[in-house]
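Here the structure is laid out as structure tokens; the discussion comes afterwards.
The values are calculated or read from the model by the stated rules, or taken from the named source; none is laboratory data. Model, not experiment: these values are computed from the prediction. Neighbour counts are summed over all protein chains in view; Cβ atoms, including those assigned to glycine, are modelled from backbone coordinates with ideal geometry.
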Amino acid sequence: MSPRAGSTGHRSPATLAFVESPVQLLNVLEWAHAHAARSAGETSGPPGPEQGAGRPGTPGGGLTLVVLSPTDPMTRGQLRRMADLARDEGYEVRWEEARGGTTAPFHTVGGLAPLLRRARRIVMGDPFSRYVQLLLTITRARDLVVVDDGTATMEFVSQLARGERLVRWHRRGGRPGARDLVFAPVSARARRRLTPGTGRRVEVFSSMPIADTPEGVDVTANDFAWTRARFGPPRITKGADLVGTSLVETGVVDPDRYLEAVQGLVGTYGATRYFAHRRESSEKLHRLAVETGLEIVRPDLPLELIARRGPIGRMILSFPSTVVHTLPLALAGTDVKVAVFDIDPTWLTRTASPRAQGFLSGVTNTAKDAHRLSAITAT
């Protein structure tokens, strides 16, 4: 596929959405579905079946999805699958090789600048992204929407409410590097753009529990209505499935402790399949397969869609993760139980952020639709 496949040509979309991960793209589709349903309700009363399944990406919908493609092969593969689903819904998709060499950022930003200046609304999946922050300094849009990028959304809203600089939770506590200092003015300007003001609207579209909402920010619930309308209900198996996490890869959890915890879950709950996070390393997954006997599954779509499509285990086991909030919504109306386990403080690495334990506990404590089970003790 050409980097510009599905681009908008010379048309000026009313809404530009920037995504860098499959989950972000999924949540833009969920936002568009909910936005269309709200618009239909506001203009013509309660929506009927056809209105409720609004497809704002069809001609005249005015939404263009811009994929700022990463280099990781697994993420790229899932993004291509999600891009195909978006096109099936009638949306325009513009694929940008945003990291394809030293000159790629200049070509990407230069090519997007005209669209950014004309767009009336910007939707973004990752306000912490330097790419997105740079693009925010170009746009004149007065309507900004942040859709879920997992648990990071909770931290973004809290930082915005406290007027803090935007820093990912697992990096907090460390000294800013040279690149952070150089980029600081851009990040500060992006944060100001994401702060509601006169004539500027900011919406957060999220399935996560949002506390300390900044004044003027509209929070809209994501209940995964699009996912439930398009997929399933799934076939449910008798066994248990385990959801992987990238906490080892981000330097938060010790790899040996993680392996021992997974072995404990397999022994206690009889899990047979392990749905790998797209950022988990091949070496780690190979070790898990050899030492636990789990079948390692590399999903080709976000887990919410995989689970809704099925087959899926009657119990889904997870460490603190976005999915303990999203899977109960995507699987609403089924008999699947989602269970979450705490991260034992002894599993954390010496270099883990001082906020890691509190943040992960918060993810667990606020998962109201997931079952909290006793922590697994590494043996």
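Being buried (at least 19 other Cβ atoms within 10 Å of the Cβ) and among the acidic types (Asp, Glu) is a condition met by at least one residue of the range 275-283. Considered as a group, the residues in the range 136-153 that are outside any strand (DSSP E or B) and of a type in the set (A, V, I, L, M, F, W, C) include one that is farthest from LEU247 (Cα to Cα), and that residue is ALA141. Within the range 140-165, residues that are assigned by TED's automatic domain parsing to the domain that holds VAL23 and more than 18 Å from ALA356 (Cα to Cα) have Cβ atoms under 6 Å from residues that are part of a helix (DSSP H, G or I) and at pLDDT 80 or above in these pairs: ARG140/ARG117; VAL147/ASN27; VAL147/VAL28; VAL147/TRP31; ASP148/ASN27, counting only partners at least 6 apart in sequence or on another chain. For the range 95-137, the set of residues classified as basic (Lys, Arg) and under 28 Å from GLU164 (Cβ atoms) consists of ARG99, ARG121, ARG130, listed by residue number.
If the condition is being under 29 Å from ASP72 (Cβ atoms), assigned to a helix (DSSP H, G or I) and of a type outside the set (D, E, K, R), then the range 210-251 contributes TRP226, THR227. Mind checking which residues of the range 221-259 are among the acidic types (Asp, Glu) and buried (at least 17 other Cβ atoms within 10 Å of the Cβ)? ASP241, ASP254 - these are the residues of the range 221-259 that are among the acidic types (Asp, Glu) and buried (at least 17 other Cβ atoms within 10 Å of the Cβ).
Flag: THR272 does not match the condition of being surrounded by fewer than 18 Cβ atoms within 10 Å (Cβ to Cβ), farther than 27 Å from ALA356 by Cα and in contact with a Pro (Cβ under 9 Å, 6 or more places away or on another chain). Of everything listed in (1) over 17 Å from GLY362 (Cα atoms); (2) modelled with pLDDT of 65 or more, the single unmet condition for THR153 is (1). Is there a residue in the range 118-138 that is of a type outside the set (D, E, K, R) and farther than 19 Å from VAL186 by Cα? Among the residues of the range 118-138, at least one is of a type outside the set (D, E, K, R) and farther than 19 Å from VAL186 by Cα, which makes the answer yes.
When every residue of the range 268-278 is checked against the conditions, none turns out to be modelled with pLDDT under 95 and more than 18 Å from ILE316 (Cα to Cα).
Residues that are in a loop (DSSP other than H, G, I, E, B), among the small types (Gly, Ala, Ser) and under 20 Å from the mean Cα position of the chain (by Cα) occur at least once in the range 127-135. Residues in the range 59-69 include at least one that is over 22 Å from the mean Cα position of the chain (by Cα), free of Cβ contacts under 8 Å to residues at least 12 places away in the same chain and not in a strand (DSSP E or B). Count of the range 260-305 residues, restricted to those that are in contact with a Ser or Thr (Cβ under 7 Å, 6 or more places away or on another chain), of a type in the set (D, E, K, R) and assigned to a loop (DSSP other than H, G, I, E, B), is 3.
Where residues in the range 80-111 are out of contact with any strand residue (DSSP E or B) (no Cβ under 7 Å at 6 or more places or on another chain) and aliphatic (A, V, I, L, M), which of them is nearest to ALA152 (Cα to Cα)? Step by step, filter the range 80-111, then rank; the result is MET82. Scanning the range 195-209 for residues that are in a loop (DSSP other than H, G, I, E, B) and modelled with pLDDT under 85 turns up THR195, PRO196, THR198, GLY199, PRO209.
Does the range 332-340 contain at least one residue that is crowded, with 16+ Cβ neighbours inside 10 Å and among the polar types (S, T, N, Q)? Looking for residues that are crowded, with 16+ Cβ neighbours inside 10 Å and among the polar types (S, T, N, Q), one finds at least one in the range 332-340, hence yes. If I ask for residues that are of a type in the set (A, V, I, L, M), at pLDDT 85 or above and not in a helix (DSSP H, G or I), which ones from the range 340-379 would you list? Those that are of a type in the set (A, V, I, L, M), at pLDDT 85 or above and not in a helix (DSSP H, G or I): VAL340, ILE343, LEU348, ALA352, ALA370.
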